[in-house]
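The structure appears right after this line, and notes come after that.
The values are calculated or read from the model by the stated rules, or taken from the named source; none is laboratory data. Source: prediction; values computed, not measured. No Cβ is skipped: glycine too gets one built from the backbone with ideal geometry, and neighbour counts run over all protein chains shown. These area figures cover heavy atoms from the full protein model, side chains too; ligands, DNA and RNA do not enter into them. Shrake-Rupley method; radii C 1.70, N 1.55, O 1.52, S 1.80 Å.
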Amino acid sequence: MAPNNVADSDVDLDLLRSSAREFLAERGEKDSVEDLARMDWTGLLVDETLGGAGWLPVETVVVAEEIGRAGDRSAWFGTTMAAAALAFAPNGIRDRWLPSVLDGTVPAGLALAGGTVRVTNAGALRLLITLGGDGIHLFELSDTTPRSRDDELLDISRPAWRVELSGTEGMLVGGSERADQLHAVARVLLSADSLGAFSATFERLVAYLKERIAFGAPIASFQAVQHRLVDLLVFETKARAVIMKAARSLMPAEVTGEAIELSAAAHAFVTAKAAAAVDECMQLSGGIGFTWEYPLHHALRRAFTNGQLLGTARSSRAAYAEMARW
């Protein structure tokens with residue numbers, strides 16, 4: 001694999017962020033991953049010799065944040081993570097699946113191993129990668145694979161599903177260490193997605209409070225409101241810092257304890273606070289914030305869903321504590 005290629009400067013990342021934001025705004029509310037593949041976004045964690053863009057975790061985090069900010073409905077996350085898993089798979093499996101995953105013609109998903117797994121966009125998925133203590137497994141999904149909408153999660157723009165894998169034999173495509181590495185990457189990307197959802201909400205809130213007049217003055221001018229806005233800004237700054245630190249620790253060819261520890265810390269911090277931060281934006285938005293189809297409500301449901309897909313804040317805190325012992 002190529003060396004861990006981190007952007008040389010904040011200028012590079014800012015350019016990537018602005019171009020990704022512009023592209024996603026022009027793209028609109030689409031659920032296809034193919035146009036994202038044409039931007040090479042599905043291959044950001046795949047070596048260039050295999051048709052990817054290289055192992056670029058920091059850049060992938062920036063894209064993930066913008067995906068969350070835009071409320072993108074595609075299977076980008078699962079497809080990108082599946083491509084990363086297939087890049088390390090045995091040659092026969094890799095050659096069969098990786099090209100079609102990279103070009104987005106086979107949308108894929110990622111889940112923690114189990115009899116019944118939880119994943120987004122499962123209605124269209126044909127390939128599912130699971131991560132567990134015994135390694136990475138690949139499942140080919142058919143039209144008869146039992147799957148149902150997950151009513152416990154309320155994300156209607158990017159629905160969550162339960163897929164029944166009991167009795168289905170998957171193909172082993174990677175060992176336990178590689179599974180740990182991909183789980184660390186996935187934690188960081190989901191955290192970035194939630195941060196993006198919050199950042200868009202926070203920006204929308206500030207603009208609203210500047211325009212909304214009460215007692216003859218903009219609401220944003222009231223000191224009590226300003227204090228709450230500062231608290232939200234502090235959360236955003238802290239979240240981006242811990243996510244980027246974790247992203248920079250992710251190496252292509254080795255699984256480090258530091259990377260697992262930092263990814264667990266980032267996921268625990270963001271997952272525990274993101275939905276609450278969006279809810280605070282809802283409170284500050286007044287009645288409009290409670291409108292079910294207002295974008296703020298979509299962001300709240302997205303952040304909540306992200307916090308349930310690949311472990312919770314509690315499970316990540318336990319993982320962090322376990323790593324810290326050593």
Under 29 Å from residue 238, Cα to Cα: lysines that are on another chain or at least 8 residues apart: 210, 273
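Do you know the relative contact order of segment 11-174, to the nearest whole percent, from alpha carbon pairs under 8 angstrom that are 6+ apart? Walk me through the numbers on the way to the answer.
Values: 307 pairs, mean separation 31.5, N = 164.
19 percent.
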Length gained when the stretch residue 149-residue 276 is fully extended (0.36 nm per residue, less Cα-Cα span): 43.3 nm
Amide hydrogen neighbours beyond the local backbone of residue 108, cut-off 5 Å, H modeled: 79
Karplus-derived HN-Hα couplings along segment 287-304 (A = 6.51, B = -1.76, C = 1.60, θ = phi - 60°), whole Hz, x at Gly and Pro: x, 5, x, 8, 5, 4, 9, 6, x, 4, 5, 4, 5, 4, 5, 5, 4, 5
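Provide the per residue accessible area, probe 1.4 Å, for the chain, rounded to a whole number of square angstrom.
It amounts to 44 Å² per residue over the chain.
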Rounded Å value of the spacing that divides the Cα centres of segment 147-207 and segment 243-305: 11 Å
Per-residue ³J(HN,Hα) for segment 199-215, Karplus 6.51 cos²θ - 1.76 cosθ + 1.60, θ = phi - 60°, Hz, x for Gly and Pro: 4, 5, 5, 5, 5, 5, 5, 4, 4, 5, 5, 6, 8, 6, 9, 9, 6
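What number, rounded to the nearest 500 deg cm²/dmol, is the helix-based mean residue ellipticity at 222 nm of the chain, given -39500 (n - 2.57) per DSSP H run of at least four residues and division by all its residues?
-18500 deg cm²/dmol
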Highest-MSF residue in the chain out of 71, 132, 109 [GNM, Cα springs under 10 Å]: 132
Solvent-accessible area, 1.4 Å probe, carbon plus sulfur percent, for segment 49-192: 49 percent
GNM top mover of 125, 250, 102 - the chain, alpha-carbon springs below 10 Å: 125
Segment 213-319: chymotrypsin sites (Phe, Trp or Tyr not before Pro) in DSSP loop, at most 11 other beta carbons within 10 Å: 215, 292
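Within segment 93-186, which GluC sites (Glu not before Pro) sit in a loop by DSSP and count at most 13 neighbouring Cβ atoms inside 10 Å?
Within segment 93-186, the qualifying GluC sites (Glu not before Pro) (loop, at most 13 other Cβ atoms within 10 Å) are 152, 169.
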Probe 1.4 Å - accessible area at residue 242, Å² to nearest ten: 60 Å²
More than 36 Å apart - percent of Cα-Cα pairs taken over the chain: 16 percent
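Could you tell me whether segment 11-174 comes out rounded, prolate or oblate from its Cα gyration tensor? Rule is a ≥ b ≥ c as square roots of the eigenvalues, rounded for a/c under 1.5, then prolate if a/b exceeds b/c, otherwise oblate.
It is oblate, given that a/c is not under 1.5 and a/b is not larger than b/c.
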Dipole in debye (nearest 20) - segment 177-324, about Cα centre, beta carbon charges: Lys, Arg +1; Asp, Glu -1: 260 debye
Integer Hz, Karplus 6.51/-1.76/1.60 couplings in order for segment 87-98, x for Gly and Pro: 4, 9, 6, x, 3, x, 5, 4, 5, 6, 9, 4
Amide H within-cut-off set for residue 161, under 5 Å, with H built and near neighbours excluded: 119, 120, 121, 122, 150
Virtual spin-label span in nm between residue 293 and residue 11, 7 Å along Cα→Cβ: 4.6 nm
Loop trypsin sites (Lys or Arg not before Pro), segment 177-242, which have at most 10 other Cβ atoms in a 10 Å radius of their Cβ (DSSP): none
Other-chain or far-sequence residues with amide H under 5 Å of residue 46's (modelled H): 53, 54, 56
